[in-house]
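Step one of this worksheet: look at the structure below.
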Amino acid sequence: MRNLKCEEEWRLKNLKLKSARAGMDLSQAELAELVGVTRQTIGMIEAGKFNPSLRLCLDICRALHKTLDDIFWEEEQDENI
Amino acid sequence: MRIFSWKKVVDEREEMEMMRVEHYMFWFVFWALLISILVQVLVMKADFYQVAGEWAVFMLMAVGTVIGELKGGHFDYTSRPGWKSYLVYSVVAAISVMGLTLFRGIIGGYYHHSSDAVLAVVITGIFAGVITGICLAGAGTFVKHRRKKLEEEFEEED
């Protein structure tokens, strides 16, 4: 039960965003500055604790030179867990 | 140098969290104010003018909320406009008013016979239930009409 919860939390984390940000050598604070939000907001999106609006998703994708699919698309099996 | 500006400086997450806090506090104050008015009127036997200020604030909150929700085509978090929800809420209102009437009568010593209590409680209960039902039916009909209008407004053009 506990393992399932850990797995669920891990899957909810937006690791794609974290890796894209790291790939551009940006800190959370720098990405936050680029898209006009607080560092905490970027941290919470990466941790899966906050679902951003489509507008903010687009701003993040533009800042990281990625598409929405690259950063925010989840396979159906992941969504259902 | 500008010392103060009305420009929003919070991002969408901060704004959402602030609105959530304000939402919970609004409803807490709303029910606390209602309880406060009821306690003063029913238990402490206050005259209306003693609670007039609180009543005015309460009605402002209630009427403002209803107007705002109706304008947006919203009815309720947990039910859709329809006779079932009107009936459920009318019965809840009737039972609440019956309880309050009975309590008020007992505290005030208004009932000399049990038949007095039954008559007063049943009549006020039915009255409250019918009034609530009519108001909800009116609001529900308006919400349906408003939703249809909003749907037409944002309907895709072929």
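Working value for the range B:34-132: equivalent-ellipsoid semi-axes of 28, 21, 8 Å, each the square root of 5 times a Cα gyration tensor eigenvalue, largest first. Exposed loop positions in chain B were taken to be GluC sites (Glu not before Pro) whose DSSP state is not H, G, I, E or B and which have at most 16 other beta-carbon atoms within 10 angstrom. Between these positions, the longest stretch is B:1-154. Roughly how many percent of the accessible protein surface of the range A:13-52 is carbon and sulfur, given a 1.4 Å probe and a whole-percent answer? Ligands and nucleic acids excluded, carbon and sulfur reach 48 percent. In this assembly, the B-A interface accounts for approximately 600 Å² of buried accessible surface in total, computed with a 1.4 Å probe and without ligands, DNA or RNA. Would you jot down the residues in the range B:1-42 that end up with at least 30 Å² less accessible area in the complete protein assembly than in the chain alone, with a 1.4 Å probe? Residues shielded by partner chains are B:Asp11, B:Glu12, B:Arg13.
Of all lysines in the structure, the ones whose alpha carbon falls short of 25 Å from that of A:Lys18, not counting any fewer than 8 places away in one chain, are A:Lys5, A:Lys49, A:Lys66.
Here the sum of -39500 (n - 2.57) over DSSP H runs of 4 or more residues, divided by the residues of chain B, equals -26500 deg cm²/dmol at 222 nm, to the nearest 500. Of the Cα atoms belonging to the protein assembly as shown, the radius of gyration and Dmax stand at 26.6, 83 Å.
Counting only Cα atoms, the size of the range B:15-70 along its three principal axes is 42, 21, 14 Å, in decreasing order.
The values are calculated or read from the model by the stated rules, or taken from the named source; none is laboratory data. All values derive from a computational prediction rather than experimental measurement. Cβ: placed from backbone, ideal geometry, glycine included. Neighbour counts: every protein chain shown. Heavy atoms of the whole protein, side chains included, go into the accessibility calculation; ligands, DNA and RNA do not. Shrake-Rupley method; radii C 1.70, N 1.55, O 1.52, S 1.80 Å.
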